[in-house]
Amino acid sequence: MIKYKLKCENLHQFESWFASSEAYEKLNNQQLLTCEICGSKSISKSLMSPRVGTNKKNKIKENLKLDSDKEQNLIKELKKEVEKNCEYVGENFEKEARAIHYGEAPERSIYGKTTLKQAKSLCEDGIPVTTLPWIDRKTN
């Protein structure tokens, strides 16, 4: 058995166990793997911290830091674009998303806060939503 840290095209990360690396490749090639957050089938292995000798640790840490910095920069760019092009509706996200979906409010791109339960309910009702990979500005 092998455990992989995976990520989807929307940068959601999750872990999963596979019988072997070949089993992972077979499932991924057949697009049988899906993101547990958004349902995307575009899945790839994320960086993992393998157990290696100390002579390689510094190089691995350096590579992990570079990839982490790159990911953080992409998230910052995404956040700027969302804030620039979408309306922030705060805690009213679920209500506003439903109103837009049912034509009771003007169609526009919105973002805000919602609970996992509310997000699942929106998805079950066919209202497209996705999670955004950043933390509230106040806690950064």
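The values are calculated or read from the model by the stated rules, or taken from the named source; none is laboratory data. Bear in mind the structure is a predicted one, so any value in this text is a computation, not a measurement. Ideal geometry is used to build each Cβ from the backbone, glycine not excepted, and the neighbour counts take in all protein chains shown.
At-a-glance table
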| read-out | value |
| --- | --- |
| Filter pass, G126 being outside any helix (DSSP H, G or I) and over 20 Å from C38 (Cβ atoms) | no |
| Strands (runs of 3 or more DSSP E) contained entirely in segment 1-112, each with at least 1 residues that are modelled with pLDDT of 90 or more and under 29 Å from G126 (Cα atoms) | 2-8, 43-45, 87-90, 110-112 |
| Tabulated pairs, segment 123-140, first under 19 Å from Q13 (Cα atoms), second at pLDDT below 85 and outside any helix (DSSP H, G or I), C-beta under 9 angstrom, 6+ apart or interchain | T130/I37; T131/I37; W134/N140 |
